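Peer 1: Once you've had a glance at the structure underneath, I'll fire off some questions.
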Amino acid sequence: MKRKVLIALTALFTLFLTVTAQPPQPPSPEEMAKRETEQMKSELNLTADQLTKVEAINLKYAQKMGEMFQQGPGGDFAEMQKKMLEIDNQKRAEFSKILTADQLKKYDVMVAEQRKNMPGPPM
């Protein structure tokens, strides 16, 4: 009986090491869009109509970012940052059409906070 328990514990420990040793996977564009939409929903008090539109915009731009990351920086981090900023500006322009002025100000603060917490040089 002790031998079976020891074998089972060894197998579980090996499985644990295998699972935890794998590098973390970046979130999918869908996961990124969902997370951002939820944050905007709570922080900006979106209406139901705004929420539907925000979800679509977040998914659209998360997919663009995902495509850009798949292509990789090509050794030029500054160029990648420039592209990310362009995508963010396009997204903000779309948000400016559906958010109120107060919501847009809160969104800008939210984005500024996120950028402060990003690794690498400031954008």
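Peer 1: Based on C-alpha coordinates, I'd like the Rg and Dmax of the range 27-116, in Å.
Peer 2: Cα only, the range 27-116: 13.4, 42 Å (Rg, Dmax).
Peer 1: To continue, here is another question. Grab the beta carbon distance between residue 79 and residue 117, set R0 = 22 Å, and tell me the FRET efficiency rounded to 0.05.
Peer 2: FRET efficiency, residue 79 to residue 117: 0.50.
Peer 1: Per 0.36 nm of contour for each residue apart, how much would the distance between residue 45 and residue 104 grow if the chain were fully extended, relative to their Cα-Cα spacing?
Peer 2: Separation in residues times 0.36 nm, less the Cα-Cα distance, equals 20.1 nm.
Peer 1: Now, a different point. Please turn the phi angles of the range 37-48 into ³J(HN,Hα) values with the Karplus equation 6.51 cos²θ - 1.76 cosθ + 1.60 (θ = phi - 60°), one per residue in order, whole Hz, x for glycine and proline.
Peer 2: 4, 4, 5, 5, 4, 6, 7, 10, 6, 5, 6, 4
Peer 1: Under a cut-off of 25 Å between alpha-carbon atoms, report the lysines in cross-link reach of residue 34, not counting same-chain residues fewer than 8 places apart.
Peer 2: By straight Cα distance, residue 34 reaches 53, 60, 64, 82, 83, 91, 97, 105, 106, 116.
Read-outs throughout are calculated quantities, based only on the coordinates presented, and are distinct from any laboratory measurement. Since the structure is predicted, the reported quantities are computational estimates derived from the model, not experimental observations. In this analysis, Cβ positions are derived from the backbone assuming ideal geometry, glycine residues included, and neighbour counts consider all displayed protein chains.
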